[in-house]
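Worksheet: one structure, shown below.
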Ligand SMILES: Nc1ncnc2c1ncn2[C@@H]1O[C@H](COP(=O)(O)OP(=O)(O)OP(=O)(O)O)[C@@H](O)[C@H]1O
Ligand SMILES: [Mg+2]
C-alpha cells in the first residue's frame, strides 16, 4: 500500500498527463498518421485499393484544376483576413475609447456572441439577409435604389462577408488586448513632440499594436484557409476551395486524393503559422520601458465620433444575421420571404415534430456534455502537471496538446473519419464523444491553465455536434423557416446557458473579466 | 507689455490659473512667470498639483479658469502639438519600437524638417547629452541614466521655448541622481534653454534652481531664489519643507517703529529685527538649528537663554542637540563637530542667536 502511494507520488505528473496524452495521441495523432498513409494508396476506376502508389500526389500536382483550387483557397483566406483587419482594427480601437462600462460590456457580448452560436445558424442568417429575396435586396428594391435583386450570395462576396462575420472576434480580441496595454503616456509624448492625433496614431500607436495585428491575422488566416461550411453553403458551388475538394473526394471514396489535399492544406496552415510567427518574433523587441498607466481624459472630437459610429455599425453587422434568424422563425410564409408574411408558430411545431432534428438534439446534448466533461477533466489534470509539476519537455507536450487547434478542421475531420471506419467505431456515440473531447481539449487546457474556469462555458456550446450536421444537411436541401425556428431555440438555449454560467461569476469579477482595464 | 498684457520678459506665464477635477482643486489660483533662460523649480509634496501645473503649461490640461501665455501669446486653446514646449515625462515615455536615433529625430520628422538638417541636429544634441555612438540602440538596451538622456535629447532637439521636466530623476538611485543633477544643470547652461523642473526633493530644487516655487494644496506658498526661501521662509509649511527648523509659537509683546519686535514664548523672551505683526498677535517663528549658538551655562552671554541638554546626536561633521529652554520649549541646535564645544545630556547650557535669525512667519 505504502509502496503504491510512493509510486503515485513519484509518477504524479505522468499520471496527470496520461488522459490528455491518450486522447490526443489516440484520436488525433494516430488519425493524422493514418491520413498521411492513405495518400499513398491508389484510387482507380472508382475503387479504393491498397496498392501503394503516388498517383494521388501526381494528379494533385499536375492537374491545373488543383493549382486553381490552392490559389483560390489562399486568395479567399487573404481577402477574409484583410477585410477582418480593416473592420476589426477600428472596432478594437473604438472599444478602447468607450467610457461607459455598460456599453462596453454590451459591446463585448455582442462581438463575441457569434462564437456562442452554431456555425450553421450564422450561415443561415446570412442566407436570409443576402439572398435575392432576402432582407437587403428587398429593402433596396423597396426604396428604389435597385431595379432588380443584386447577387450577394452564391458568389465569393457572400462567402467573404459571412467568414469575416464569423472570424471577426478572433481579429478584434488580440488587437484589443494589445491596445488596452498601450501606455497612454507614449501617445502624449508623441503629441508633445509635435505629432497630431493622426500622426501619433500612425507613428506610435499603430506600430506598437502590430504584435496584436499579427496575432489576429494569424488566427483568422489559419481558420479562413480551412473554412468549409461557409464556402459550401454560401458559395453556390463557385467558390472552389481545398476544404470543399476534400469533402467531394471523401464522398467519392477517393480517399488518397482527399488525403493529399488535406496534407497540402495542413502544410499551407503550418507555413502560414510560421510566417506569422516570424513576423511576431521580429516585433518582439517592442517592449515598453515604463508600466502602462491609466489614461487621462482627452477631449473627444470628430475622430472619436467617427469611431463611435464604426463601433455601432460593426455591432449591427455582427448582430443582424442572428436577429433576422429570430424574426424569420415567426414568418407565416414558407419561402423565407421578407418582410415576414404574418406571424406563425408553425415552424416551431414542425421542428419539435421532425424526427432527425429531435434525435440530433438529444445526441448533441449527450455528446456535448459528455465530451466537455472528458475534455475539462483531462485538460485540468494536464494543466496541473504542466504548471505545477516538474515535467521534462513541457514545451513540446504543450505544443502536442494544442496541435489539434492548428490543424484545419476539415483535415482533422477526414482523418478521424477514416480512423473510426478502420476501427469499425464509426457512428457510435462513444467515438463521437472522444472526437469532440479531443477537439475541445486544447481549449480546456488553455482556459484552465489561465485560471479562467468561467470561460469554460464556451466549451458547452451546442455546436460542432450532430444537430448542426442535421441542420447542414437540411439547409443543403430545403429553405424554409424551419431552420430559423430551430436556430432560435438554439440561441435561446445558449443564452440560458450563458446566463446560468454567469450566475456563478460575481458581477464585479465579470466586469473585470470583460473590461480588463 | 505686449498687446494682450503678458510680461515680455516671461517665456511662460500663468495668470490666476485654476484646474479642478470634480471636487478636487488640483491647481488653485496660481500666478507665476518664468523668465527666459532660467532654471525654475516647482517644489512640493505629493499631490500638491505640480504635475497638473506642468501639464497645463504643456497643453495636456486646460485651465478651468485663468490664462496661460507662451512668449506673450495666450495659448489656452493651443493643443500640445502646436506649442513650443516639450515635456519630459516622469516615466520617460520613450518609444520602445524605435532606436535612439529615431526617438530623438521624432519631433523633427513630424515637423517635416529636411533630412540633412534632422541628421545634423540629432547628431549635435546626442553629443550634448553624451550619447554619440548610441544611435542604433533600442530602449531596452540602455541603462536608466542613458534612457534619461535620450528623453532629454528627444526634447531638446526641438529647441523648445521651455523644457518641462516632471521629476525626471525620480526613478534613479541616489548616486546616479546626484550625477544627473549636475549633468542636467550643465546641459541647461550650455543650451540656454528655459527649464521648468518639477520635484518633491527640496535638496534637488535648492541645488539646481535659479528660482523655486513651493506649492501646497494647489497654491504657491512661496516663490523666490533658493537662498531666500531657505533663509526667509514665509509660512510654517515652507519652513518645514525646506530643511530642518524649529517652529516656535509666539506672542508679539512690543513692536518698534523700525519693524523690530519683542516676542514671547513659554517664558522665553527675545527680540527680532523684522516682524510684520501687531502687538498681542500670536504667530510662529522659524529658527534654523544652525543659527543657534550653544555655550556652557557659566559662559552665558547676556542675551542667552538658560537650558538643559535633553538629547545629543552625533552626525559626523555636525552634532545635533535637543535643548529644553524657558518653560518647556524644545529647540534643536546644530553645531560643527570639529570647531565647537561639546556637551552631554543633562548639561546646563545657554542658547543665543542674532536678532535677525528668527523669521516671523505669516501663520
Ligand atoms: N485626471 C485627473 N483626474 C482626477 N484627479 C486628478 C487628475 N489629475 C490629478 N488629479 C488630482 O489632482 C491633485 C494633484 O495631482 P498632481 O498629479 O498634479 O500632483 P503632483 O504634485 O504631481 O503629485 P506627485 O508628486 O505625487 O506626482 C491630486 O489630488 C490628484 O489626485
Ligand atoms: Mg506628479
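The values are calculated or read from the model by the stated rules, or taken from the named source; none is laboratory data. Here the structure is a predicted model, which means the values were calculated and not measured. Here the Cβ is made from the backbone with ideal geometry for all residues, glycine too, and neighbour counts use every protein chain on show.
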| query | Of all residues in region B:84-95, which are surrounded by fewer than 20 Cβ atoms within 10 Å (Cβ to Cβ) and touching a helix residue (DSSP H, G or I) at 6+ places or on another chain (Cβ under 8 Å)? | reply | B:90
| message | Regarding region B:166-178, can at least one residue be identified that is within 14 Å of ligand 2 (Cβ to nearest atom), under 13 Å from the mean Cα position of the chain (by Cα) and in the same structural domain as residue B:81 (by TED's automatic domain parsing)? | response | yes
| task | State whether one or more residues within region B:188-198 are within 14 Å of another protein chain (Cβ to nearest Cβ), in contact with a strand residue (DSSP E or B) (Cβ under 8 Å, 6 or more places away or on another chain) and within 16 Å of ligand 2 (Cβ to nearest atom). | result | yes
| said: Considering only region B:201-220, I want to know if a residue exists there that is within 14 Å of another protein chain (Cβ to nearest Cβ), within 16 Å of ligand 2 (Cβ to nearest atom) and either in a helix (DSSP H, G or I) or surrounded by 22 or more Cβ atoms within 10 Å (Cβ to Cβ) (or both). | reply: no
| task | Examine region B:43-60 for a residue that is over 18 Å from residue A:184 (Cα atoms), surrounded by 18 or more Cβ atoms within 10 Å (Cβ to Cβ) and away from ligand 1 (no atom under 16 Å from the Cβ), and state whether such a residue exists. | result | no
| said: Taking the criterion of being assigned to a strand (DSSP E or B), in contact (Cβ under 8 Å) with a residue 40 or more places away in the chain, more than 16 Å from ligand 1 (Cβ to nearest atom) and under 33 Å from the mean Cα position of the chain (by Cα), would at least one residue in region B:93-106 satisfy it? | reply: no
| Could you count how many residues in region B:20-65 are closer than 19 Å to residue B:209 by Cα, more than 11 Å from ligand 2 (Cβ to nearest atom) and either away from chain A (no Cβ under 14 Å) or in a loop (DSSP other than H, G, I, E, B) (or both)? | 12
| note | If you go through A:202, A:278, the only one that is in a helix (DSSP H, G or I), without any contact (Cβ under 8 Å) to a residue 60 or more places away in the chain, within 14 Å of chain B (Cβ to nearest Cβ) and farther than 18 Å from residue A:412 by Cα is A:202
| request: Tell me which residues, restricted to region B:78-92, are free of Cβ contacts under 8 Å to residues at least 60 places away in the same chain and more than 9 Å from chain A (Cβ to nearest Cβ). | output: B:78
| Which condition breaks for residue B:68 when tested against (1) surrounded by fewer than 22 Cβ atoms within 10 Å (Cβ to Cβ); (2) away from chain A (no Cβ under 12 Å); (3) touching a residue at least 40 places away in the same chain (Cβ under 8 Å)? | (1)
| Among the numbered criteria (1) buried (at least 16 other Cβ atoms within 10 Å of the Cβ); (2) assigned by TED's automatic domain parsing to the domain that holds residue A:473, which single criterion is violated by residue A:355? | (1)
| request: Answer with yes or no whether residue B:250 is farther than 23 Å from residue B:29 by Cα, away from ligand 2 (no atom under 16 Å from the Cβ), more than 14 Å from chain A (Cβ to nearest Cβ) and buried (at least 19 other Cβ atoms within 10 Å of the Cβ). | output: yes
| said: What pairs come out if I take residues in region B:180-203 that are farther than 16 Å from residue B:88 by Cβ and pair them with residues that are away from ligand 1 (no atom under 16 Å from the Cβ) whose C-beta lies under 8 Å away, six or more apart or interchain? | reply: B:190/B:128; B:192/B:37; B:202/B:242; B:202/B:243
| said: Condition first: under 15 Å from residue B:165 (Cβ atoms) and either out of contact with any strand residue (DSSP E or B) (no Cβ under 6 Å at 6 or more places or on another chain) or more than 16 Å from ligand 2 (Cβ to nearest atom) (or both). Now tell me which residues in region B:66-88 satisfy that. | reply: B:85, B:86
| request: Scan region B:66-88 residue by residue and report those that are in a strand (DSSP E or B) and within 16 Å of ligand 1 (Cβ to nearest atom). | output: B:66, B:68, B:87, B:88
| message | Looking only at residues that are surrounded by fewer than 15 Cβ atoms within 10 Å (Cβ to Cβ) and not in a loop (DSSP other than H, G, I, E, B) in region B:331-363, which one is farthest from the chain's Cα centre (by Cα)? | response | B:348
| message | Given the criterion more than 30 Å from residue A:307 (Cβ to Cβ) and at pLDDT 95 or above, identify the matching residue among A:56, A:83, A:71, A:77. | response | A:71
